[in-house]
Structures are given as C-alpha cells and as structure tokens.
Amino acid sequence: MSGTVHLERDDDIAVLIIDNPPVNAGSSDVRKALLARIAEAEADTTLVGVVLIGAGKSFIAGSDLREFNLPLEPPQLPQVIEAIEGSSKPYVAALHGAALGGGYELALGCDARIAAPETVVGLPECTLGIIPGAGGTQKLPRLVGKAKAISLICTGARVSSPEALLLGMIDAVADLDLCEEAVALARSLAGRKQRVIELPVPEEKPEDIEAATSKALAAGRNRSHIQAAIRHVMAAGTVGAREGLAAERAEFQQLRVASEAKALRHIFFAEREATRGNLPAGVKGRRFESFGIVGAGTMGADIATATLQRGFPTVLVDSNKEALARAKARITAAIDKGVTSGKLSADAGDRAKANLVLASELQSLEDCDVLIEAVFEDLETKRSVFAKLDTIARPCALLATNTSYLDIDGIAAATTRPKDVIGLHFFSPAHIMKLLEVVAGAESSHEAVATGLAIAKSLGKQAVQASNGFGFIGNRIYAAYRAACEFMLEDGALPHEVDEALKDFGFAMGPFAVADMSGLDIAWRMRQQQAATRDPAARYVAIPDRLCEMERLGRKTGAGYYDYDDKGRPQRSAVVEDVIVMASDAKGIARRSLDAREIQRRAMAAIVNEAGLVLEEEIAARASDIDVVLVNGYGFPRWLGGPLYWAAQQDLEELASDCAASAAAAGPSKRRADLDALFGSGLPNSTA
Ligand code: NAI
C-alpha cells in the first residue's frame with residue numbers, strides 16, 4: 001500500500017489529507033483513495049466545500065516515477081481531476097512544501113489555490129523528457145499567459161509562493177494557518193465553481209510568445225518534448241478544452257515510454273543514489289559552520305563564492321597579495337551578479353560579502369571547520385601546505401584538497417591525521433558547476449567522507465563519491481576521451497570535424513573547443529610532469545605540445561586549436577591544420593577522412609572502455625555514478641542517460657569491437673575493460 005487519503009471535517013467543509021510519506025508522491029493508491037474520498041464528500045449534503053492538503057512536509061512533490069516505466073494503473077490523474085471539476089462543490093488546494101508536476105496539476109483542477117509562504121510550485125515534467133499530462137499545458141496559460149507558460153513549463157521552473165502569487169499561479173499566500181485559511185476560502189466559495197479550464201487565455205503580444213518560444217527551444221536543445229510542450233500550450237484556448245486535454249494526455253503517454261524519458265529517469269535515480277555515496281549505513285558527518293580556503297586563484301575564488309552564497313563565513317588565504325585582491329573583485333562580481341539575476345536577495349548578497357575574510361597567513365584558518373586547499377597543481381606544494389595546516393587546524397577540522405589529478409594519499413601523508421583528509425574536487429566555474437567529486441583516500445575515515453557528501457548538499461552540488469586514483473572518475477575518463485579525439489586528428493580528422501560530430505551526438509561542446517576554453521597549458525604541464533614515467537609503448541600525440549610551444553594556449557591567448565575573431569568566435573586555423581598534417585606525416589600515418597559516425601563511435605568507445613576500467617579498479621562504486629559524473633561535469637547529453645546507460649542500449653557486440661579497436665588505437669599497453677562483467681549484470685538499465 002503506497003499512500004492513502006484521510007477525510008476530516010471542519011464543520012461544513014471536508015478536509016482531504018493526502019498521506020504518502022515522505023513527500024506524498026502521487027501513486028495509484030493515492031489516486032484511488034482520492035477518488036473514493038471525493039465521492040464521499042460529494043454524497044454528503046451537509047458539506048459545502050472541500051480542501052485538499054498534504055500530510056507532513058509537502059502537498060504532492062510529484063508523481064511516483066517508478067510507475068512511469070509500466071502501464072499506469074487506473075484511476076489515472078486526469079480522472080481524479082475530472083471528478084474534482086465535475087463536483088458541485090468548490091475545491092481549494094492548500095499547498096505547502098512542494099506542489100510539483102502532478103501535484104500542481106491537481107491544484108490546477110481545484111477552484112482556488114492557497115499556499116504557505118515557503119512553498120514551491122511548478123511543472124518540472126520537461127526536465128524528465130515528458131510534458132505535463134494532466135492538464136498543465138492547457139490550464140497554466142489560462143492563469144499566466146502563453147509566453148510565461150512556455151517558459152515555466154519548458155524550463156521546469158520551481159516557483160516560490162511570492163512569485164507564484166504575482167504570476168497568478170496561486171490565488172493567495174497563507175498568513176498564519178494554512179489549513180484554517182484554506183477552509184475559510186472554501187467556505188467563501190460555497191455554491192460556486194471557478195474552474196481554471198473554463199477561463200479564457202489572456203491576450204498577449206505575438207512577439208512575446210515568439211520570443212518565449214525561441215528561448216525555450218534554444219535552451220531545450222530543440223528536443224521533441226520541448227517542441228511538444230510548446231505545441232500544446234499554443235493549442236490552449238484555440239481548440240476545445242476536451243480536445244486540448246485529450247491531445248496533451250496522448251502525447252504525454254507516448255513521451256513517457258520513449259527512450260529519452262527513460263534515460264532521463266535513469267539519470268534522475270542515479271543522481272539520488274550518488275548523493276548517498278558509498279558508505280556503511282548510519283555513518284554521520286561532522287558539523288561544519290565555516291570554511292577556510294587556501295589559494296585564491298580561479299578555483300579558490302569560485303569555491304569561496306560557492307560557500308559565501310550559501311551563507312558560510314569563509315576565510316580565503318593566499319601568499320600572493322595581488323591574487324587576493326583579484327579574488328576579492330571576482331567574488332564580489334559573482335555575488336553581485338547573483339543578486340541582479342535574482343538568485344540571491346540583496347540582503348543575502350550583503351551578508352555573503354561581509355562573511356568573507358582575506359588573509360595572507362595560514363594561521364587565520366585556525367577556527368575553520370572545513371579547509372579546502374586550491375593551490376597550484378603540484379604535489380610538493382600541496383604537501384607542504386598540508387603539513388602546515390596540520391599544525392594549525394582544529395582537531396576536528398576536515399582537510400580537503402581540490403586537486404584535479406594528484407594522489408590524495410600522498411597529500412594526506414604530509415599530515416599526522418590522514419583520516420581527516422579527503423578530496424573535494426570542484427569543477428570550474430566552481431560556484432556554477434553542479435558536480436563535486438568527494439574523493440576518499442585509503443585512510444580517510446567514513447565520517448570525513450560523509451562530511452564531504454554533506455558539504456556537497458549544503459552547497460547545492462551533486463556529490464559523487466570516488467576513490468583515489470589518477471584523475472578520479474571524471475578527469476580519468478575525460479583524459480581517455482580527449483586522447484581518442486587526438487588520435488583521430490593524427491588519423492585524418494580536423495578539430496572542427498571532431499567537435500561538430502560530438503556536438504551532433506549531443507555533447508554541450510566539442511573536446512577541442514573545451515580545450516581552448518580551459519587552456520591547453522594545464523594538460524601540457526601535466527604531460528611534462530608525467531614525461532619521465534610515461535609508458536613508452538603508449539601512443540603519444542604531440543600536436544597539443546606543438547600548439548603550446550607556439551603559445552597557442554586557447555582562448556586566453558586568442559588562439560588554440562582554433563583562431564578567434566574579435567567577437568571571440570572560433571575559426572578554422574590553417575596553422576593548426578599544418579601542424580596536424582605534419583604530425584601524421586611524422587608518424588607515417590596516411591590520413592583518411594573520418595565521418596561523423598566513426599568519430600562518435602570512437603570517442604564513445606574510449607569513454608566506455610575507460611569507464612569499465614574505473615569500475616574494475618573500484619574508483620567508482622556504481623556504473624550509474626559514472627553517468628552522473630559525465631552528465632553533470634563534462635557536458636554529456638543528459639537525455640542519453642550518461643555513457644554507460646547509453647552503452648547498455650547499444651548492440652553490445654558492435655560496442656565490444658569498437659572498444660577493442662579503441663584500446664588498440666591507444667597503443668599496446670592500453671588495457672581493455674571487461675565489458676561482459678560490466679553489462680552482464682544489466683546494471684545501467686536496471687534503475688530506470
Ligand atoms: P591558480 O593558479 O589560478 O591559483 C592557485 C593559487 O594558489 C594562486 O593564487 C597562488 O598564489 C596560490 N598559492 C600557491 N601556493 C600557495 C601557498 N603555499 N599558500 C597560499 N597560496 C598559494 O590555480 P587554479 O586553476 O585555481 O587551480 C587550483 C587547484 O584546483 C589545482 O590543484 C587545480 O588542479 C585544481 N582544479 C582546477 C580546475 C580548473 O579548471 N582550473 C578545476 C578543478 C580543480
């Protein structure tokens with residue numbers, strides 16, 4: 001039994017309490033119970049109105065997605081909503097916590113909506129590859145207009161009570177007691193029905209609707225469910241209500257079982273699971289109330305922005321005074337931007353700025369609960385910082401490094417408390433990117449790792465737990481992917497061909513455009529550090545070294561794999577193409593053209609093979625964690641569910657032969673992952 005609905009009376013008003021802990025997800029049991037209580041209330045002639053409210057922390061936070069892969073059991077939500085709309089009595093939805101998706105559609109079926117001050121409402125279906133299927137696309141435009149409805153539905157925005165009131169998504173915000181005020185509202189409506197579906201769609205300027213449409217299509221990468229959502233909103237008011245609702249429902253049912261929605265549900269569940277990490281049950285993290293950051297460069301400043309924005313007092317230390325001044329300007333600008341864009345209130349922005357302390361001495365970190373090191377990517381520099389932190393930090397402080405590739409155990413060994421040391425690997429820009437790899441060293445305590453996971457949550461990040469190993473999960477796999485793309489340059493492709501093919505596949509950017517954006521020098525420095533220990537049998541592509549020697553370090557020097565015009569637009573570079581052709585000649589490779597499909601398959605094979613190795617070596621605990629990392633940190637298309645989910649949908653024989661070819665192209669020392677072990681368990685498919 002998953003959920004029920006209680007009927008209580010407040011004199012002549014029935015209060016239907018939806019009860020399906022923890023968030024009152026709409027399940028088939030809840031729908032059945034709702035229908036039964038609606039019929040009961042309808043039959044009782046002493047009742048003049050009905051309030052719908054949720055038990056516990058929420059109204060209905062959404063539908064139970066586990067039901068979505070199967071045929072939906074009757075009664076379905078539209079039937080419940082029809083019963084409310086067909087009732088002779090007014091219904092008031094009393095919203096608190098979250099009223100999202102089917103929860104908000106249920107509220108749209110009522111005659112009025114009142115919400116507690118901290119409520120969020122919205123229709124997030126599009127973020128799961130579907131469209132609202134119980135009237136959302138037909139009713140929301142009647143309340144907020146088509147342009148706003150398109151933008152709210154296509155982005156899946158969660159709207160807080162004050163804004164929802166301004167927009168017309170709710171009718172009132174409760175002052176004190178939500179239920180009492182909802183009952184009073186229901187009583188004031190006695191004898192009347194005011195169905196949203198019967199309202200006219202407000203008149204709007206066509207150009208406003210067009211602007212909202214183009215923005216939604218661009219942001220939604222022109223995906224078919226975004227197009228469908230727009231189509232149905234546009235139909236509202238121009239076709240009959242019954243016809244509009246039926247068409248919306250039919251499309252929802254199709255999209256619900258399509259591959260894209262399945263992939264998006266997979267990644268949704270994968271993200272939730274990753275958040276829990278890979279720790280024994282019951283491990284608790286430590287309390288933390290303040291942060292200290294060492295190194296005020298790009299990462300240090302942005303990590304400080306992330307902690308300050310979430311209200312944490314933060315001390316930022318750098319031995320270089322100019323770096324501190326630059327960091328202060330960067331942080332202030334980012335916080336001000338947060339205020340102008342509405343992400344932060346003006347008060348929160350002022351508090352964030354006041355919470356920043358800049359210092360030149362590590363001693364200033366003595367009172368901080370969490371210390372994050374973000375100095376140069378050099379083992380000895382980091383070890384010397386950790387040795388000093390060890391003498392300064394409080395006994396229960398967490399010591400974290402933001403290293404991209406270095407050995408966490410080597411860093412932890414510089415302290416007398418390796419159990420307190422973990423990796424917190426942020427992605428650039430750290431105040432914007434969602435992903436945070438929480439890296440457990442060999443000696444890190446469970447408690448320290450649990451604290452890392454809790455830090456991710458409190459900063460609004462998506463945590464994934466990783467073990468110690470070169471590049472952890474993401475950078476290790478990305479390095480293999482980038483190397484495969486460089487092999488393709490030597491074999492005959494050009495940077496723009498590789499980038500275009502991988503963008504067509506769905507990546508947010510191609511690998512060479514990414515390299516130009518991040519700067520080619522970081523990887524160059526790493527290659528120089530590894531030169532002495534590199535396996536001579538591994539295939540080494542010297543093209544990026546040549547570009548760095550020519551001071552083509554990427555966008556920051558105005559040139560990298562591409563030339564950049566004065567507006568910053570990338571252009572093919574004849575110089576780079578000469579370097580590439582010479583590199584092929586130097587190895588005696590006869591260049592041939594590679595079509596988009598070959599480029600995509602070779603790149604994906606490299607990712608899948610490396611992902612398999614990362615799992616075999618237990619750097620990642622779950623296949624789905626790798627999907628979460630690539631989707632949240634590396635621009636892998638979310639609608640394909642992550643690389644291993646994608647792989648599990650492929651012809652496995654063909655994929656195995658691609659992976660073999662990919663490993664062979666990387667040189668004789670490249671290990672092949674055991675794909676049978678990887679897919680034999682059906683792992684990536686099973687969570688959706
Ligand atoms: P950066 O070069 O911009 O900044 C490093 C800062 O550390 C400089 O301001 C320097 O003055 C300061 N510093 C160096 N030694 C110090 C010491 N002993 N005491 C105090 N301050 C010291 O470097 P960036 O890019 O911010 O990287 C920092 C770390 O973050 C590196 O480990 C890097 O691998 C990692 N990282 C970088 C990413 C990126 O995209 N840039 C992404 C994720 C991690």
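The values are calculated or read from the model by the stated rules, or taken from the named source; none is laboratory data. It should be emphasised that the depicted structure is a prediction, and the values quoted were computed from it without experimental measurement. Cβ coordinates were reconstructed from backbone atoms using ideal geometry, including for glycine residues, and neighbour counts include every protein chain displayed. Note: accessible area is taken over every heavy atom of the protein model, side chains too, but ligands, DNA and RNA are not part of it. Shrake-Rupley method; radii C 1.70, N 1.55, O 1.52, S 1.80 Å.
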Check your understanding: Which residues, counting only those in the range 8-39, are more than 20 Å from GLU105 (Cβ to Cβ) and buried (at least 18 other Cβ atoms within 10 Å of the Cβ)?
Key -> ILE13, ALA14, VAL15
Practice item. Report, by residue number, each residue of the range 366-378 that is farther than 22 Å from VAL449 by Cβ and at pLDDT 95 or above. Key: GLU366, ASP367, VAL375
Check your understanding: When the range 287-317 is examined, which residues are found to be in contact with a Phe, Trp or Tyr (Cβ under 9 Å, 6 or more places away or on another chain) and among the small types (Gly, Ala, Ser)?
Key -> SER290, GLY295, GLY297, ALA304, ALA306
Exercise for review: Could you tell me whether the range 454-473 includes any residue that is assigned to a helix (DSSP H, G or I), within 16 Å of the ligand (Cβ to nearest atom), open to solvent by less than 10 Å² (accessible area, probe 1.4 Å) and of a type in the set (A, V, I, L, M, F, W, C)?
Suggested key: yes
**Study point:** The listed residue being in contact with a Leu (Cβ under 9 Å, 6 or more places away or on another chain) and in the same structural domain as SER63 (by TED's automatic domain parsing), out of ALA250, ALA228
**Key:** ALA228
Review point. Are there any pairs, at least 6 apart or on different chains, whose C-beta atoms fall under 9 Å, with the first in the range 381-392 and acidic (Asp, Glu) and the second surrounded by fewer than 17 Cβ atoms within 10 Å (Cβ to Cβ), and if so, which?
Key: ASP390/THR416
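When the range 274-289 is examined, which residues are found to be among the small types (Gly, Ala, Ser) and not in a loop (DSSP other than H, G, I, E, B)?
The first filter runs over the range 274-289 and keeps only residues among the small types (Gly, Ala, Ser), leaving 274, 277, 281-282, 285.
Within the range 274-289, ALA274 is the sole residue that qualifies.
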Review point. Can we say ALA258 is touching a residue at least 40 places away in the same chain (Cβ under 8 Å), of a type in the set (A, V, I, L, M), crowded, with 17+ Cβ neighbours inside 10 Å and away from the ligand (no atom under 16 Å from the Cβ)?
Key: no
Review point. Checking ALA677 against (1) at pLDDT 90 or above; (2) more than 21 Å from ALA484 (Cα to Cα), which test does it fail?
Key: (1)
Practice item. Give the residues of the range 295-322 that are open to solvent by 10 Å² or more (accessible area, probe 1.4 Å) and either in a helix (DSSP H, G or I) or within 23 Å of SER345 (Cβ to Cβ) (or both), sorted by residue number. Key: THR298, MET299, GLN309, ARG310, GLY311, PHE312, PRO313, LYS321, GLU322
Study note, to complete from the structure: Checking GLU105, GLU82, GLU73, GLU42 in turn, the sole residue that is acidic (Asp, Glu) and open to solvent by less than 10 Å² (accessible area, probe 1.4 Å) turns out to be GLU105
Check your understanding: If a residue has to be away from the ligand (no atom under 11 Å from the Cβ) and either under 17 Å from ILE331 (Cβ atoms) or assigned to a loop (DSSP other than H, G, I, E, B) (or both) to count, how many in the range 365-377 make the cut?
Key -> 4
**Study point:** From SER657, SER624, SER669, SER662, residue being farther than 28 Å from MET433 by Cα and surrounded by 24 or more Cβ atoms within 10 Å (Cβ to Cβ)
**Key:** SER662
Check your understanding: When you go through (1) small (Gly, Ala, Ser); (2) more than 25 Å from the chain's Cα centre (by Cα); (3) within 16 Å of the ligand (Cβ to nearest atom) one by one for GLY282, which number turns out not to apply?
Key -> (3)
Check your understanding: Taking the range 410-435 as the search range and keeping residues that are part of a loop (DSSP other than H, G, I, E, B) and closer than 25 Å to ALA352 by Cβ, which one is nearest to the ligand (Cβ to nearest atom)?
Key -> SER428
Review point. Taking GLY292 and the conditions (1) open to solvent by 10 Å² or more (accessible area, probe 1.4 Å); (2) within 15 Å of the ligand (Cβ to nearest atom); (3) not in a helix (DSSP H, G or I), which numbered condition does it fall short on, given that it satisfies the others?
Key: (1)
Point to revise | Wholly enclosed helices (runs of 4 or more DSSP H) of the range 573-688 bearing at least 1 residues among the hydroxyl-bearing types (Ser, Thr, Tyr) | key: 574-586, 623-633, 643-648, 652-665, 683-686
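Of the residues ALA354, ALA325, ALA333, which single one is open to solvent by 30 Å² or more (accessible area, probe 1.4 Å), within 14 Å of the ligand (Cβ to nearest atom), assigned by TED's automatic domain parsing to the domain that holds ALA387 and free of Cβ contacts under 8 Å to residues at least 12 places away in the same chain?
ALA325
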Check your understanding: Within the range 113-172, how many residues are assigned to a helix (DSSP H, G or I), more than 26 Å from ARG256 (Cβ to Cβ) and open to solvent by 40 Å² or more (accessible area, probe 1.4 Å)?
Key -> 5
